[in-house]
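Encoded as structure tokens, the structure appears first; notes follow it.
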Amino acid sequence: MKDNKEILRFIKFFKALANEERIEMVRLLKQNQEMFAQDVERHFYLEQSTTSHHLNILRRAGITKARKEGRKVFYSIDYESFKSCWDAFELLMFADQANSNT
């Protein structure tokens, strides 16, 4: 079961990144460290609902995290979660190569 859970985690992670607008949102968050959701919306000239949808997909995939301050929601990259998923995927893909090189 653990393998199936991990595979579903990878699918969610890579599906979230398989969209040009979401990739650009990740780049923007990387440049700015943290942004108010409406600032992200203004940057891309998207409807509020579309921006919210993209940011929530990124958050559920563990790529970003949200922090509330009153009624405002701020987003930033969740580097710990991102690296954890990336490292697990890398291990899955290259474990055999690492073992054969030793």
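Bear in mind that the values in this text are calculations on the coordinates, not laboratory data. The model shown is predicted, which means the values in this text are computed figures rather than measured ones. Glycine also receives a Cβ, built like all others from the backbone with ideal geometry; neighbour counts cover every protein chain displayed.
Residues with beta-carbon under 14 Å from that of residue 53, excluding residue 53: net charge, scoring Lys, Arg +1 and Asp, Glu -1?
Its environment carries a net charge of +1.
Computed over the chain with a Gaussian network model linking Cα atoms closer than 10 Å, the most mobile of 13, 74, 44 is 44. Short-range pairs are left out: with C-alpha atoms under 8 Å and at least six residues apart, the relative contact order of the chain is 28 percent.
Counting lysine pairs in the range 2-97 whose alpha carbons fall under 29 angstrom apart, excluding pairs fewer than 8 residues apart on the same chain, gives 26.
If I take all pairs of Cα atoms in the chain, what percentage of them are more than 21 Å from each other? Counting every Cα pair in the chain, those more than 21 Å apart make up 39 percent. The trypsin sites (Lys or Arg not before Pro) of the range 15-102 that DSSP puts in a loop, and whose beta carbon has at most 13 other beta carbons within 10 Å, are 71.
Between the Cα long axis of helix 48-60 and the first principal axis of the chain there is an angle of about 30°, rounded to the nearest 10. What does the charge count near residue 31 come to, summing +1 for each Lys or Arg and -1 for each Asp or Glu among other residues with Cβ under 13 Å from its Cβ? After counting each charged neighbour, the total is -1. In the chain, the longest principal axis of the Cα atoms and the axis of helix 79-100 are about 20 degrees apart.
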